[in-house]
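Notes for the one structure printed next.
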Amino acid sequence: MRIALFEPEIAGNVGAILRLGACMGTAVDLIEPMGFAWNDRRVRRAAMDYIDHVSITRHSGFEAFRATIGSGRLVLFTTKTTQSSYDFAYRADDVLLFGKESAGVPPSVVEASDARVRIPLRPEVRSLNLATAAALALGEALRQTATLPG
């Protein structure tokens, strides 16, 4: 299982997700361009020394990333679907894709996704923080696939 971030904009979110990946044994793919410099100190501040314990792959764009998926499914987390992420049946080789904080993903990425799911929220709010959404999504996917660490 992998987490993929499409054009992330906030260094602290990426750092927190790198820490999540390190703790859960999940690789993280970063699809460029990013909204900050890779050496931004806020990435390391959020990831702390956990950054040394996660597999990170940076991709020059979506097509370069897509070429690395192989037979894994691309599962897009979006607010623009009705399929609950808790009613979806995950597989161990799924790639959990999250869009950029301000705009999600473009229609071409939606179309390239094998599945679209949403984390259920109260109707009066729009969305979760990216790192929080990734943690909820990954936890459920690992639970379902019986691949939670230790």
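Return yes when S85 is within 25 Å of S127 (Cα to Cα), surrounded by fewer than 13 Cβ atoms within 10 Å (Cβ to Cβ) and touching a residue at least 40 places away in the same chain (Cβ under 8 Å) and no when it is not.
No.
Among the residues of segment 88-111, which ones are touching a residue at least 40 places away in the same chain (Cβ under 8 Å), small (G, A, S) and surrounded by fewer than 16 Cβ atoms within 10 Å (Cβ to Cβ)?
A89, A92, S102, S108, listed by residue number.
When you scan segment 13-39, how many residues do you find that are over 20 Å from V109 (Cβ atoms) and in contact with a His (Cβ under 7 Å, 6 or more places away or on another chain)?
Result for segment 13-39: 1.
Read-outs: derived from the displayed coordinates by stated rules, not from any lab. Because the structure is predicted, anything quoted here is derived from the model rather than measured. Glycine also receives a Cβ, built like all others from the backbone with ideal geometry; neighbour counts cover every protein chain displayed.
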